[in-house]
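Inspection log for the structure reproduced underneath, given as structure tokens.
The values are calculated or read from the model by the stated rules, or taken from the named source; none is laboratory data. If you're wondering where the values come from, they're calculated on a predicted model, not measured in any experiment. Quick reminder, even Gly has a Cβ in these numbers, built from the backbone with ideal geometry, and neighbours come from all protein chains shown. Side chains are part of the model used for accessible areas, which takes the heavy atoms of the whole protein and leaves out ligands, DNA and RNA. Shrake-Rupley method; radii C 1.70, N 1.55, O 1.52, S 1.80 Å.
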Amino acid sequence: MDVGELISFQPDNKGTKRKKGGDENDVNSRKRKAGSVIEEKFNSKAELTEEEREKILEMVENEPEVETLDVGSLRRMLLSFEKRVTKNQEMRIKYPDNPEKFMESELDLHEEIQKLHVIATAPELYQHIVDLNAITTMLGLISHDNADIAVAIVNLLQEMTDIDTLNESEDGATALIDALMEGQVIALLVQNLDRLDETVKEESEGVHNSLGIVENMTELQDTISVAAGEQGLMGWLIKRLKQKPAFNANKLYSSEIMSILLQNTEANRQLLGELNGIDTLLQCLSLYKRYDPATSDETEYMENLFNCLCSALMFHPNKDLFLKGEGLQLMILMLREKKMSRRSALKVLDYSMQGNEGAENCQKFIEFLGLRCLFPLYMKAPKTNKKTGSKEEEYEEHSLSIMASLFKNLAGSLRNRLVQKFVEGDHIKVDRLMELHFKYYRRVQDCDEKIDKEKQELIDEGEEIDDDTEDGFYLKRLDAGLFTLQLVDCVMLEVCCAGVPSIKQHVLALLNQHGGSMKDIKSVMREYAASVGDAKSKESREVEKKRLLSLIDRF
């Protein structure tokens, strides 16, 4: 092999992060040539000839025995690995300007890393790997001058942190994750990501597997999400989403990891805003205001971006950044265009207007003629579509939640414009409101009856109904539509108390006509008042509770 071939060498075996819902690559395929031939024969459903049978049996018999991995063999393997690392370091220091001299040691090191993949099958030995300081050596190789070595070690770590593997040994998983975090693994991965060239297939896979390591660790320990933000991953993800092309597999994975980091981590939501991430998300989403995603993967990418935006808006200062970045206008435009993005745009608008912090967004929504797009969806929600994953109930919930926020945060002429919508057309929008009330009231009633039967059965069997059981019953009621019913009745009380007598008269007439009662509505609203409000602020909860109880008294 000449120098040119040595320098252009690329590893033969690259680990790839499994895609969600996709087939996993067999990590042991390198050791199962005979088995793969047999599988191929069976898959082809062709009958084997006698000669083929003999050939397969011969391959199986002649297959070299694989040494069982135990503490002793693990030590020998890691010792050999350390020697290869040391040898390569020595050769690079001795001949820094002569690749021909150190490349052989580099090939040996790469081969040794490939042998280490077998340890991913024995998570119970991870504590020994940590004790032998091998993790520190592995982490050091992420910064190796040869990107192929760095990618090879990333692929190894991705296999070792595979969540199915980690679940086999809790102690081993904890030891490995603690050692990786102590070694600042995410910071090292981010530094390496900055130098990888995704136009090279192997390095593109290295990017994918680097993100896979982070995903695997966050599934095991939620606190790693905070560390990922602190160690620079959020900044890299924002930068990666800006890059062209508009969509590819690594961009999809980047959006998924960002969604995970933002899901339950206030610090990362704040960091996203500080790094101008709200604008980046809006720029990426602007592509879908007039065009639908071309594939199911691209649809998932778009939904991930919307989910990131919703999570970010739960950090209150980001609502101002959303408004300044013209996010409100973009979402309204998406509602108007009636593309696939419409459902998620409605959800983002809902998040942007919630709470007292959403007051300015509520005002601008009216000024930007958002009601023209909102009420058609409220009057006739698009039917459930299994292909796009959209549900009729989602449109109803988010449109009602937006109305509840508007009534709460608007005053004066802007509020009057909203109220007048329920008067026009001979109160047709009030008719729709009552239709939704009866629809969800019946669902919740049916659910309550089933829960009462379950409770009685538990009592008859002598079982205690504890808090966990009660929580389970409450979740069932929410699934039946309790929250949407509460929103319906909240909007109903708001319009009835808005100072237009004809609205309340129309509501009472429809209640009498369909056998409903004001008592039922007040009961729903009292339950809502008892649970509503910002979980972080006792004061805001009390203010909102008083506001709702005042509406009930005036109804």
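Residues that are touching a Leu at 6+ places or on another chain (Cβ under 7 Å) number at least 1 in the following helices (runs of 4 or more DSSP H) confined to segment 403-513: 412-421, 424-460, 482-496. Being part of a helix (DSSP H, G or I) and either free of Cβ contacts under 8 Å to residues at least 24 places away in the same chain or of a type in the set (Ser, Thr, Tyr) (or both) is the filter here, so list the residues in segment 202-229 that pass it. Within segment 202-229, 204, 210, 218, 225 meet the criteria. Residues that are part of a helix (DSSP H, G or I), touching a residue at least 40 places away in the same chain (Cβ under 8 Å) and open to solvent by less than 50 Å² (accessible area, probe 1.4 Å) within segment 371-393 comprise 371, 373, 375, 377, 378, listed in sequence order.
Scanning segment 201-225 for residues that are open to solvent by less than 40 Å² (accessible area, probe 1.4 Å) and farther than 14 Å from residue 155 by Cβ returns 214, 215, 217, 218, 224, 225.
Restricting attention to segment 241-259, does a residue exist that is open to solvent by 20 Å² or more (accessible area, probe 1.4 Å), over 26 Å from residue 123 (Cα atoms), out of contact with any Phe, Trp or Tyr (no Cβ under 9 Å at 6 or more places or on another chain) and at pLDDT 95 or above? Within segment 241-259, one or more residues are open to solvent by 20 Å² or more (accessible area, probe 1.4 Å), over 26 Å from residue 123 (Cα atoms), out of contact with any Phe, Trp or Tyr (no Cβ under 9 Å at 6 or more places or on another chain) and at pLDDT 95 or above.
Selection within segment 473-500: residues that are at pLDDT 90 or above and open to solvent by 50 Å² or more (accessible area, probe 1.4 Å). The member of this set that is farthest from residue 393 (Cα to Cα) is 474. Take residue 428 and tell me if it is β-branched (Val, Ile, Thr) and open to solvent by 20 Å² or more (accessible area, probe 1.4 Å). Yes: the conditions hold for residue 428. Checked against the criterion of being touching a residue at least 12 places away in the same chain (Cβ under 8 Å), closer than 21 Å to residue 151 by Cα and in a helix (DSSP H, G or I), the candidates 74, 107 yield just one match: 107. Please give the number of the condition residue 280 fails out of (1) of a type outside the set (Asp, Glu); (2) farther than 27 Å from residue 323 by Cβ; (3) at pLDDT 95 or above; (4) open to solvent by less than 10 Å² (accessible area, probe 1.4 Å). Every condition holds for residue 280 apart from (2). Going by what's in this entry, would residue 230 be described as in contact with a Lys or Arg (Cβ under 6 Å, 6 or more places away or on another chain) and either among the aromatic types (Phe, Trp, Tyr) or open to solvent by 30 Å² or more (accessible area, probe 1.4 Å) (or both)? It is false that residue 230 is in contact with a Lys or Arg (Cβ under 6 Å, 6 or more places away or on another chain) and either among the aromatic types (Phe, Trp, Tyr) or open to solvent by 30 Å² or more (accessible area, probe 1.4 Å) (or both). Checking 261, 193, 189 one by one, the residue that is free of Cβ contacts under 8 Å to residues at least 60 places away in the same chain and under 14 Å from the mean Cα position of the chain (by Cα) is 261 and no other. In the condition set (1) of a type in the set (A, V, I, L, M, F, W, C); (2) part of a helix (DSSP H, G or I); (3) surrounded by fewer than 18 Cβ atoms within 10 Å (Cβ to Cβ), residue 294 is compliant with all but (2). Of the listed requirements (1) modelled with pLDDT of 90 or more; (2) open to solvent by 70 Å² or more (accessible area, probe 1.4 Å), residue 96 misses just one: (1). Of the set (1) open to solvent by 20 Å² or more (accessible area, probe 1.4 Å); (2) touching a His at 6+ places or on another chain (Cβ under 9 Å), all apply to residue 333 but (2).
To keep it simple, each residue is scored yes or no on (1) β-branched (Val, Ile, Thr); (2) under 19 Å from residue 427 (Cα atoms); (3) open to solvent by 80 Å² or more (accessible area, probe 1.4 Å); (4) modelled with pLDDT of 90 or more.
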{"position": "443", "(1), (2), (3), (4)": "no, no, yes, yes"}
{"position": "468", "(1), (2), (3), (4)": "no, no, yes, no"}
{"position": "508", "(1), (2), (3), (4)": "no, yes, no, yes"}
{"position": "526", "(1), (2), (3), (4)": "no, no, yes, yes"}
{"position": "535", "(1), (2), (3), (4)": "no, no, yes, no"}
{"position": "552", "(1), (2), (3), (4)": "yes, no, no, no"}
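One residue alone among 394, 360, 367, 424 is in contact with a Lys or Arg (Cβ under 7 Å, 6 or more places away or on another chain) and not β-branched (Val, Ile, Thr), and that residue is 394. If you filter segment 287-306 down to residues that are hydroxyl-bearing (Ser, Thr, Tyr) and out of contact with any helix residue (DSSP H, G or I) (no Cβ under 6 Å at 6 or more places or on another chain), you find that the one that is nearest to residue 324 (Cα to Cα) is 291. Report yes if residue 224 is touching a helix residue (DSSP H, G or I) at 6+ places or on another chain (Cβ under 9 Å), under 28 Å from residue 89 (Cβ atoms) and aliphatic (A, V, I, L, M), otherwise no. For residue 224, the condition - touching a helix residue (DSSP H, G or I) at 6+ places or on another chain (Cβ under 9 Å), under 28 Å from residue 89 (Cβ atoms) and aliphatic (A, V, I, L, M) - is not met. Cβ-Cβ distances below 8 Å connect the following pairs, each with a first residue in segment 133-147 that is more than 13 Å from residue 110 (Cβ to Cβ), a second residue that is of a type in the set (S, T, N, Q) and surrounded by fewer than 19 Cβ atoms within 10 Å (Cβ to Cβ), and a separation of six or more residues or different chains: 139/184; 142/191; 143/191.
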